[in-house]
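Structure record follows, encoded as structure tokens.
The values are calculated or read from the model by the stated rules, or taken from the named source; none is laboratory data. Everything numeric here is computed off the predicted structure, so don't read it as measured data. Glycine also receives a Cβ, built like all others from the backbone with ideal geometry; neighbour counts cover every protein chain displayed. Surface areas here come from the heavy atoms of the whole protein model, side chains and all, with no ligands, DNA or RNA. Shrake-Rupley method; radii C 1.70, N 1.55, O 1.52, S 1.80 Å.
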Amino acid sequence: MVKRAYASTEKKAGSQTVVEITEDGLSELLSRARGVQNGLCSIPVEERLIVIEKIGQAWEEKRRKGELESLKHELSASTGYSPQTIDLELSLVPSALNSLSIKRNLVASFPFEISCLERFTEVGKDEYCWYRPRGPVFIISSGNSLIPPLIPTTISLATGNMTLLRPSLANFFGVKAVYSLLEDISGDVAELMREALAISYFSHDSPSLDYLLTKSKVGVINFWGGEPARTEISRRVSSNPNHPDLIINGPLTGYAIVDASSATESAALALARNILLFDQQLCSSPTEGAFIGDWEDAVEFVTMVGKKLDDLTETLPPKVTESRAYVIEGIRRSLQFKGSMVFKSGSSPNWTIALSKSRSVLDDALQAFPEFGLHTRRRFMEIIVLEKYEDALRMIEELPKRKSFRGIDGVQSVGLSVSDDSRERLCAGLAERGIFRILPLEDMYMRSALEPYDGMNLAQAFTYAVYRRDKPLEA
């Protein structure tokens, strides 16, 4: 959090009152960027990571003592997730701030030792590189979940950047609660990090937001989200005479592929868990699936998935509204009319799986329920029974063009439960089609410390390399 108080104004945003740093406040904050970044860069990376780790430890301590209960219910109300789902997310915060994981990410991000983030590091005989912060970094986050905004913010701080984070309204108070723990950590490094981090909400029509995008001397603007905000952000940034880098992480989704030889009870449990976790709102969440095999085998597999969904729903119940229940019932009937076999929870609209033959019929079903778009669907999946793996590749490639997936750029994650014989060929086909992540179905929601972010290396994107050579090159 910001160490000093910058000029701010209170604003009503929806039902919440948020504090927004004014243009004058931002100007003062950014004027300090070079000094703050030089200060951070003078500190060994290991010491920066220790402070970040302490934030996670303090968070876990508060969670253990039950001091996050009020926040949990506040976030449940703002995100639409059940309190149990929020509780799960709160438990993952220390992992996102784990120093060893961040160090592994930095080591994997740079071709040389991570000392290259502290000083000139020899990369060849009499040749050196020093990766300097490209910031200030302005991160515009979106979505309901708490963890996604923590990832770029923490990477930006660890690489020595002054960092300005604009969370979404839904997760604003959660993100603020995490980084406010910096206030309780003693020492010069923590003090410098407090000065390096600012969190503020900016409304779409905010003069402060317009200043940041069109006039300010920020080095990087990292936007997470889709249209129409993406085009508007791009337009404004292009007019900034300081030419900040614009990094866009667009909306993506996940996909599941299961073949008959691997349609085990374990695979059914894995798929059910991925359908329930965060109500399929993560970019990695599978929102459609392909079953490679016979119809009878697919029916048997989905029946198993349904039983697992019923079992898991007891520990991760959804938040169901009356209007949503009405739409779900209508969609179920429409899908059945179009030829799908519909599997569903018994007495409430907790979950739905539509099994379709050879092609998706969801677009047809949506004609009567246009409000059942991807971003409003919860715990719903259509699984298409296909003969060949190539058919699944075609389905994935065509996904962004379909009405039922309007608004996404493509498929980020594909979770596989397939035979070893077909895996290598399938992975090559997915890579050729621009998929960023290919994972076991069991933990496709988990992110490794070594992973790029949507095909991109964030730590490198937030830095630039200074090259130095002390002697002339030998002929």
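Longer than 26 Å from Cα to Cα, which of K103/K215; K308/K357; K319/K401; K319/K388; K319/K344 are they? Say none if no pair is.
Where the Cα-Cα span goes over 26 Å, the pairs concerned are K103/K215; K319/K401; K319/K388.
If I take the Cα coordinates of the chain and project them onto the principal axes, what are the three extents in Å, biggest first?
Cα extents, longest axis first: 69, 63, 46 Å.
To check my understanding: the extent here is largest minus smallest coordinate of the Cα atoms along each principal axis. What are those three numbers for the stretch 167-248, in Å, largest first?
So the extents along the principal axes, rounded to whole Å, are 42, 29, 22.
From the phi of every residue in the stretch 381-395, what ³J(HN,Hα) in whole Hz does the Karplus formula 6.51 cos²θ - 1.76 cosθ + 1.60 yield, where θ is phi - 60° and glycine or proline is x?
Along the stretch 381-395, the couplings run 8, 9, 10, 9, 8, 10, 7, 10, 4, 4, 5, 5, 4, 5, 4 Hz.
What 222 nm value per residue comes from the helices of the chain, counting each DSSP H run with n ≥ 4 as -39,500 (n - 2.57) and dividing by all residues, nearest 500 deg cm²/dmol?
Result for the chain: -13000 deg cm²/dmol, rounded to the nearest 500.
Cα-based Rg (one decimal) and Dmax (whole number) for the stretch 127-184, in Å?
13.1, 48
Whole-Hz ³J(HN,Hα) for each residue in the stretch 248-261, computed from phi via Karplus 6.51 cos²θ - 1.76 cosθ + 1.60 with θ = phi - 60°, x for glycine and proline: what do you get?
Once rounded to whole Hz, the list reads 10, 10, x, x, 9, 9, x, 9, 10, 10, 10, 10, 4, 6.
Can you spot the lysines whose alpha carbon is less than 23 Å from K471's alpha carbon? Ignore those fewer than 8 places along the same chain.
Answer for K471, where 23 Å is the Cα cut-off: K125, listed by chain and number.
Answer with one residue from P148, S99, I52: the one whose Cα lies farthest towards the positive end of the charge dipole of the stretch 41-193, charges on Cβ with Lys, Arg +1 and Asp, Glu -1.
Toward the positive end, the furthest listed residue is P148.
Taking all protein chains in place and a 1.4 Å probe, what share, in percent, of the accessible surface of the stretch 224-375 do carbon and sulfur account for?
Accessible surface attributable to carbon and sulfur in the stretch 224-375 totals 53 percent.
If amide H atoms are built 1.01 Å from N in the plane of the peptide, which residues on other chains or at least 5 residues away come under 5 Å of the amide H of I247?
Excluding prolines and chain starts, which carry no amide H, the hits are I221, N222, F223.
Check which residues have an amide H placed less than 5 Å from A263's amide H, if you skip close sequence neighbours.
Residues meeting the criterion, in which the H sits 1.01 Å from N, do not exist here.
Quantify, in whole percent, the carbon and sulfur part of the accessible surface of the stretch 6-90 (1.4 Å probe; protein heavy atoms only).
47
Taking GluC sites (Glu not before Pro) that fall in a DSSP loop and have at most 14 other Cβ atoms within 10 Å as cut points, what is the longest piece of the chain between them?
Here the longest segment lacking exposed loop sites spans 114-313.
Taking 8 Å as the Cα distance limit and 6 or more residues as the minimum spacing, I'd like the relative contact order of the chain as a percentage.
In percent, rounded to a whole number, it is 17.
Counting only residues 5 or more places away or on other chains, whose amide H sits under 5 Å from the amide H of A290 once H atoms are built in the peptide plane?
A256, I257, V258, I384
Could you check how much of the accessible area of the stretch 101-217 is carbon and sulfur, as a whole percent, using a 1.4 Å probe?
Taking all protein chains in place, the stretch 101-217 shows 50 percent carbon and sulfur surface.
Mind checking the alpha-carbon convex hull of the stretch 368-475 and giving the volume per residue in Å³?
Cα-based convex hull of the stretch 368-475, divided per residue, equals 210 Å³.
On average, how much accessible surface per residue is there in the chain, in Å², for a 1.4 Å probe, leaving out ligands, DNA and RNA?
Normalised by residue count, the accessible surface of the chain is 43 Å².
Normalised by the residues of the stretch 213-296, what does the relative contact order come to in percent, with Cα pairs under 8 Å and at least six apart?
30
What would the Debye formula give as log10 I(q)/I(0) at q = 0.09, 0.10, 0.12 Å⁻¹ for the alpha-carbon point model of the stretch 213-363, no solvent?
Results for the stretch 213-363 at q = 0.09, 0.10, 0.12 Å⁻¹ read -0.43, -0.51, -0.65.
When the Karplus curve 6.51 cos²θ - 1.76 cosθ + 1.60 is applied with θ = phi - 60°, which whole-Hz ³J(HN,Hα) does each residue of the stretch 99-116 get, with x for Gly and Pro?
5, 5, 5, 5, 5, 4, 5, 5, 4, 6, 7, 10, x, 10, 5, 6, 5, 5
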